[in-house]
1. Out of all the residues in the stretch 179-188, which are modelled with pLDDT of 95 or more and farther than 17 Å from residue 59 by Cβ?
2. Scan the stretch 53-77 and report the pairs whose first residue is farther than 19 Å from residue 168 by Cβ and whose second residue is at pLDDT below 80 and assigned to a loop (DSSP other than H, G, I, E, B), with Cβ atoms within less than 8 Å and a gap of 6+ or a chain change.
3. Please determine, by comparing only the residues of the stretch 64-85 that are assigned to a strand (DSSP E or B) and under 13 Å from the mean Cα position of the chain (by Cα), which one is nearest to residue 185 (Cα to Cα).
4. Report the residue count in the stretch 180-207 for those that are more than 14 Å from residue 77 (Cβ to Cβ), outside any helix (DSSP H, G or I) and not basic (Lys, Arg).
5. What's the number of the condition residue 80 fails, among (1) more than 11 Å from residue 46 (Cβ to Cβ); (2) in contact with a helix residue (DSSP H, G or I) (Cβ under 8 Å, 6 or more places away or on another chain); (3) small (Gly, Ala, Ser)?
6. Counting only residues that are basic (Lys, Arg) and in contact with a helix residue (DSSP H, G or I) (Cβ under 8 Å, 6 or more places away or on another chain), which one in the stretch 110-163 is farthest from residue 93 (Cα to Cα)?
7. Report every pair of residues separated by at least 6 positions or lying on different chains whose Cβ atoms are under 6 Å apart, first residue within the stretch 180-207 and surrounded by fewer than 21 Cβ atoms within 10 Å (Cβ to Cβ), second in a loop (DSSP other than H, G, I, E, B) and among the hydroxyl-bearing types (Ser, Thr, Tyr).
8. For the condition acidic (Asp, Glu) and under 13 Å from the mean Cα position of the chain (by Cα), what is the one hit in 104, 156, 200, 148?
Amino acid sequence: MARDPVGLINMGNVMITREHLEQSLAGHLPEQINLPVQGIIHAAVALIIRENASGLQVLFMQRAENEKDPWSGNISFPGGKMENGDRDLRTAAERETWEEVGIDLSKARFLGRLSDRTGAHLPILVSCFIYLLEESGPLRLFQEEVQDAFWVPLADLTDPSRRGEKSVRFAGQAMIRPGITLSHPGEPVLWGLTYLLVTDFITLLKL
């Protein structure tokens, strides 16, 4: 993997551009899991991509510290649970994104969705919707839920030197899990469901 002079990402012989994103997702048939509603939290998140002079970037946020939140301080995509006014899961992802980081996804290009993923530690089902921002301005964080939000080069997410077994915390307990060290001050670790979704996304782009 390397970066060419104009900032495109080279995964083997594939140049990752806007067009490649659209082509990779156009023929993708995501697996949608139908689970009983009782006892299962169904959440929707947004994988948001933008393009700048250095190439394609993906948005992540760090959850605020909260002793009642088992994912306190963890890295995630914007998103959350469906609420009574949401038309569907995609609507929930767009609403939560606006509330958490101030991005209006109605102005973004919708590219598709990934296959649903279920949690390993809690009864949660996550649906992930993918967007390409045509324009991106400053982020507006909902401080009660979001500690930080930042853009990471897509190339960094495929860098083998950043991947491996990482020390992480969940619900106050330390554990070792597969993850990616992100190129952001403090070098936060991406792991868990968001890591799995990113891995699914990267795998899809290599097809």
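The values are calculated or read from the model by the stated rules, or taken from the named source; none is laboratory data. Not measured: the values here are computed from a predicted model. As a convention, Cβ positions derive from the backbone with ideal geometry for all residues, glycine included, and neighbour counts pool all protein chains shown.
1. Matches in the stretch 179-188: 179, 181.
2. Listed by first residue and then by second, the contacts come to 53/7; 54/7; 55/7; 55/8.
3. Of the residues in the stretch 64-85, the ones assigned to a strand (DSSP E or B) are 75-76, 79-81.
Filter once more, so that each one left must be under 13 Å from the mean Cα position of the chain (by Cα): 75-76, 79-80.
Numbers: 75: 13, 76: 16, 79: 23, 80: 25 Å.
Step by step, filter the stretch 64-85, then rank; the result is 75.
4. First pass over the stretch 180-207, keeping only residues more than 14 Å from residue 77 (Cβ to Cβ): 181, 183-187, 189, 202-207.
Subsequent filtering for residues that are outside any helix (DSSP H, G or I) retains 181, 183-187, 189, 206-207.
If we keep only those that are not basic (Lys, Arg) too, we end up with 181, 183-187, 189, 207.
Residues meeting the conditions: 8.
5. (1)
6. Filtering the stretch 110-163 down to residues basic (Lys, Arg) leaves 113, 117, 140, 162-163.
Okay, now just the ones that are also in contact with a helix residue (DSSP H, G or I) (Cβ under 8 Å, 6 or more places away or on another chain), so 113, 117, 140, 162.
On the way: 113: 11, 117: 15, 140: 16, 162: 28 Å.
Top of the filtered list is 162.
7. 202/158
8. Values: 104 fails: under 13 Å from the mean Cα position of the chain (by Cα); 156 fails: under 13 Å from the mean Cα position of the chain (by Cα); 148 fails: under 13 Å from the mean Cα position of the chain (by Cα).
Unique residue meeting the criteria: 200.
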